[in-house]
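The next block holds one structure in the form of structure tokens; read it before the comments.
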Amino acid sequence: MLLLVLCGCTGFHPLHRPAKNGSGTGGADASEATASAPAAEKVWRPQWQTIGQSRQGRPLRITRLGRGPRRVLWVGGIHGNEREGRISTAELPRALLATPAAVEQVTLTILEDVNPDGTAQNTRGNAHGVDLNRNYPASNFKPSRLFGLRPLDQPEAKALHDLILDEKPHLVIVAHSWHDDHFINFDGPSEHLAERFSKLSGYRVKPSDAISPTPGSLGSWVGGTLGIPILTLEYHRGREVWAAWRETKAAILAVVLAG
Ligand SMILES: [Zn+2]
């Protein structure tokens with residue numbers, strides 16, 4: 001039932017395994033994906049909560065696990081043509097549950113995809129062509145047709161903004177992909193977390209000043225304005241999604257748990 005609902009809404013389910021050529025999202029469904037999981041990991045099923053709607057009416061959904069004092073928000077996607085982190089998004093809960101005592105340390109909130117319209121159409125922006133990673137009330141916001149005329153004038157960005165203010169996370173991690181590289185970027189007081197991530201994954205740390213300016217970005221607002229640590233995880237564009245997860249799993253768990 002859950003699988004049908006998800007596919008009907010977005011045309012994508014994060015628990016789909018890749019097709020044999022590594023590029024598709026078909027193949028085994030969620031029940032098959034859990035069939036080989038250890039018994040303790042089978043218990044958890046996501047309880048989805050809708051926090052808003054996209055321009056085209058798709059739900060923006062979160063799920064939570066853990067009951068620890070450290071609050072971490074994982075954003076599975078913000079640019080619709082960057083889905084290399086989708087298996088990381090799907091697998092992270094089971095990996096956390098398999099880590100001893102993790103659920104006592106952390107409350108993890110997963111926002112599956114803040115741009116389901118872009119994902120459905122394989123576009124960077126949302127259904128209005130706005131880049132949802134440039135629409136936040138940071139001091140460097142630049143009004144434009146591509147970034148939005150005002151901060152938070154896109155419903156998806158507003159929903160994520162409100163979620164962050166409500167949750168007051170200790171860390172935000174956002175999955176992206178980069179056209180010719182992979183790396184970990186950070187904003188706010190999170191250089192030590194980026195370094196730790198780098199050591200465990202081999203992804204080098206790339207500071208924001210080494211990247212083209214990103215006015216109004218989520219990193220600028222969360223890290224710069226709010227002072228909340230935020231890591232921007234850039235997978236290599238086109239990286240096979242299970243490989244992307246395997247090479248970053250230990251690093252992701254380490255920064256999620258790092259208090
Ligand atoms: Zn991106």
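The values are calculated or read from the model by the stated rules, or taken from the named source; none is laboratory data. Since the structure is predicted, the reported quantities are computational estimates derived from the model, not experimental observations. Because the Cβ atoms are built from the backbone with ideal geometry, glycine has one as well, and the counts that use them run over all protein chains shown.
General observations
- When the residues of segment 147-173 are filtered to those that are within 16 Å of the ligand (Cβ to nearest atom) and β-branched (Val, Ile, Thr), the one that is surrounded by the fewest Cβ atoms within 10 Å (Cβ to Cβ) is 173.
- Number of the condition not met by residue 258 [criteria: (1) small (Gly, Ala, Ser); (2) within 29 Å of residue 103 (Cβ to Cβ); (3) within 17 Å of the chain's Cα centre (by Cα)]: (3)
- Candidate set from segment 200-213 (those that are surrounded by fewer than 18 Cβ atoms within 10 Å (Cβ to Cβ), within 17 Å of residue 248 (Cα to Cα) and touching a residue at least 24 places away in the same chain (Cβ under 8 Å)); member that is farthest from the ligand (Cβ to nearest atom): 200
- Pair list, Cβ < 7 Å and 6+ apart or interchain, from segment 68-94 residues that are closer than 27 Å to residue 128 by Cα to residues that are buried (at least 24 other Cβ atoms within 10 Å of the Cβ) and of a type in the set (Ser, Thr, Tyr): 77/119; 80/119; 83/119; 84/235; 85/235
For every residue, the table says whether it meets (1) in contact with a helix residue (DSSP H, G or I) (Cβ under 6 Å, 6 or more places away or on another chain); (2) touching a residue at least 12 places away in the same chain (Cβ under 8 Å); (3) part of a loop (DSSP other than H, G, I, E, B).
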residue: 114; (1), (2), (3): yes, yes, yes
residue: 132; (1), (2), (3): yes, yes, yes
residue: 146; (1), (2), (3): no, yes, yes
residue: 150; (1), (2), (3): no, no, yes
residue: 181; (1), (2), (3): no, yes, yes
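- Candidate set from segment 203-253 (those that are among the hydrophobic types (A, V, I, L, M, F, W, C) and assigned to a loop (DSSP other than H, G, I, E, B)); member that is nearest to residue 81 (Cα to Cα): 211
- Yes/no for residue 176 being within 14 Å of the ligand (Cβ to nearest atom) and touching a Lys or Arg at 6+ places or on another chain (Cβ under 9 Å): no
- Filter result (assigned to a helix (DSSP H, G or I) and among the aromatic types (Phe, Trp, Tyr)) within segment 183-202: 197
- Search result, residues across segment 111-146 that are within 15 Å of residue 55 (Cβ to Cβ), crowded, with 22+ Cβ neighbours inside 10 Å, within 14 Å of the ligand (Cβ to nearest atom) and of a type outside the set (Val, Ile, Thr): 113, 115, 118, 125, 126, 131, 132, 135
- Checked against the criterion of being more than 24 Å from residue 235 (Cβ to Cβ) and more than 16 Å from the chain's Cα centre (by Cα), segment 166-182 has at least one qualifying residue.
- Residue, farthest from the ligand (Cβ to nearest atom), within segment 214-245, restricted to residues that are among the small types (Gly, Ala, Ser) and surrounded by fewer than 18 Cβ atoms within 10 Å (Cβ to Cβ): 227
- The one condition in (1) more than 12 Å from the chain's Cα centre (by Cα); (2) at pLDDT 95 or above; (3) more than 15 Å from the ligand (Cβ to nearest atom); (4) surrounded by fewer than 24 Cβ atoms within 10 Å (Cβ to Cβ) that residue 100 fails to fulfil: (2)
- Meets criteria (at pLDDT below 95, touching an Asp or Glu at 6+ places or on another chain (Cβ under 7 Å) and under 19 Å from residue 124 (Cα atoms)) for residue 14: yes
- Pairing residues of segment 214-226 that are farther than 17 Å from residue 153 by Cβ with residues that are hydrophobic (A, V, I, L, M, F, W, C) and crowded, with 24+ Cβ neighbours inside 10 Å, at Cβ distances under 6 Å and at least 6 apart in sequence or on separate chains, gives 219/230; 222/172; 222/230; 223/230.
- Boolean, residue 89 is part of a loop (DSSP other than H, G, I, E, B), within 16 Å of the ligand (Cβ to nearest atom) and surrounded by fewer than 23 Cβ atoms within 10 Å (Cβ to Cβ): no
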